[in-house]
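Only the coordinates and a few stated rules stand behind these numbers; no lab work does. Small disclaimer: the values here were computed from a predicted structure and weren't measured. Cβ placement follows ideal geometry from the backbone for every residue including glycine, while neighbour counts extend to all protein chains displayed.
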Amino acid sequence: MKYISKVLLRYHRTTLHIKTTVLKWGQSKMGSPKGYMTSDEARKCYILSILDEFSENLKDVRGKCMDVGCGPGDITKDFLLPSLGSNAQIIGTDISESLIKYANKTFNAENRLYFEVLDIQTKNLPEKYISEFNHIFSLHTLQWCNDIRQAFKNIYQMLRPNGTILLYIVQYQDVFEVLRILEQDIRFAQYIPDTMKNIFPFYDSNNPRKDLKELLQSVGFTIHHCSLREASYSEEKSRQFLNLIISLLTFLEDMPQDLVKEYKNTLTCEFLKRKINYKSI
């Protein structure tokens, strides 16, 4: 039996901000890893709070682990790895080739940590990952999936019997609404890829905690914990988050520069004028 040791269905109501790990749409080319990290303080704060909350459980984690959506690898190396038992090993995975290249160059720790490219939504999961992991983590990433069921199926397949996962998924945030509005804007629509659409899988849910639990159970998981929570961001962290989101919008590279400026200005204006509501799982 494979099961979930902790699932955080967080409900974050903020006054201006939300964030994620690696935006799971677009191509492999992403913004600069260093730029990504400097815009990532809000997400780091929340991930640290999760790791601290479950520190007693995490220190007993041993064996082979995976961090899904590791980005440039700094959080995996500096926060997740030190939280685990001394015998734990982690493979950090991400869809972005450039971020994985940076992570291996900068944060690779011999025998304990290395990084590989993996699209967690793939329908052709590499054989080498199947039934290989004792524990899988995904912190602030899976909200960017447009096929969340496939992502969970892959995670389930990668776990060994009695393996555990720790998830932290954003359920709602007002910036999601802004991005959806801009998808329909005739100025920008032709540049926004289909892979960006239908993300935020629990955005429209009236009962996200129930929906997530049912989805996970249908895949085969047993759930030991699932919670829905609120959080708030300061205006400073909201702006940091906005910079991070913009850095991850790879389709902007295909827009004319004047339209890029227009898109960024519109996104910023719509984002900052809202009271940012943030729900996460």
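Here are the numbers for the structure shown:
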| item | result |
| --- | --- |
| Between the range 50-91 and the range 101-142, the alpha-carbon center distance in angstrom | 12 Å |
| Residues of type aspartates and glutamates that LYS59 reaches as a straight line, Cα spacing below 17 Å, ignoring anything fewer than 8 places off in the same chain | ASP67, ASP78 |
| Radius 10 Å from Cβ of GLN89, net charge of other residues (Lys, Arg +1; Asp, Glu -1) | +3 |
| Under 15 Å, Cβ to Cβ, from ILE181 - net charge with Lys/Arg +1 and Asp/Glu -1 | -1 |
| Sequence of SER238, SER131, SER86, SER205 once ranked by neighbouring C-beta atoms within 10 Å, starting from the fewest | SER86, SER131, SER205, SER238 |
| Per residue Cα convex hull volume in Å³ - calculated over the range 36-97 | 74 Å³ |
| Set LYS123/LYS261; LYS64/LYS153; LYS64/LYS123 screened for pairs whose C-alpha atoms are more than 28 Å apart | LYS123/LYS261 |
